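These notes are about the structure you will find just below.
The values are calculated or read from the model by the stated rules, or taken from the named source; none is laboratory data. Keep in mind it's a predicted model, so treat the numbers as computed, not measured. Glycine also receives a Cβ, built like all others from the backbone with ideal geometry; neighbour counts cover every protein chain displayed. When the accessible area is computed, the model is the full protein with side chains, heavy atoms only, and any ligands, DNA or RNA have been set aside. Shrake-Rupley method; radii C 1.70, N 1.55, O 1.52, S 1.80 Å.
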Amino acid sequence: MSSTSKQPSENELRLTVNRYGNELKAIASKIGELELELEEHSLVVKTMTPMAGDRKCFRLINGVLVERTVKEVLPALKTNQEGIKKTIEQLAQQYKATDKEFVEYRQKHHIRIAQP
């Protein structure tokens, strides 16, 4: 973009600020959901770990309750738990990058956000 490009209108600025705000809220909301899911996984793993591997348990898969054993379910839960942790980390990085971009945009266009 050249330095001679026209300044965005007030409406364009407002829309961009709202877009950034909505994007940050959506990312934060998803992180919150995943953190709750991670807590649930951690609780189940902690509860099942001391159990005998051949003990019967049930797992909900795509809305169907399936009978399994602890030794079949526990590794899958731990794998899911690690995947959730990685996703939370990625979303946190995305949040930080978007927030930095938003701050730079506000500074570039001299925008101040009124705090309620």
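Percent of accessible area on the chain owned by carbon and sulfur, 1.4 Å probe? The computed percentage sits at 53.
Taking a straight line from the alpha carbon of Lys30, these aspartates and glutamates sit under 13 Å away, with near neighbours fewer than eight places off in the same chain left out: Glu89.
A Förster radius of 25 Å, combined with the Cβ-Cβ distance separating Glu40 from Arg19, puts the computed FRET efficiency at roughly 0.20. Please enumerate, by chain and number, the lysines with C-alpha under 17 Å from the C-alpha of Lys46, excluding those fewer than 8 residues away in the same chain. In chain and number order, the partners are Lys56, Lys71, Lys78, Lys85. Helix 70-108 axis versus longest C-alpha principal axis of the chain: approximately 10°, rounded to the nearest ten. Axis angle, to the nearest 10 degrees, between helix 10-48 and the longest C-alpha principal axis of the chain: 10 degrees.
Working from Cα pairs under 8 Å separated by at least six residues, relative contact order for the chain is 28 percent. Accessible area per residue for the chain, computed on protein heavy atoms with a 1.4 Å probe, is 78 Å². Between Ile111 and Asp99, full extension at 0.36 nm per residue minus the direct alpha carbon distance yields a gain of 2.9 nm.
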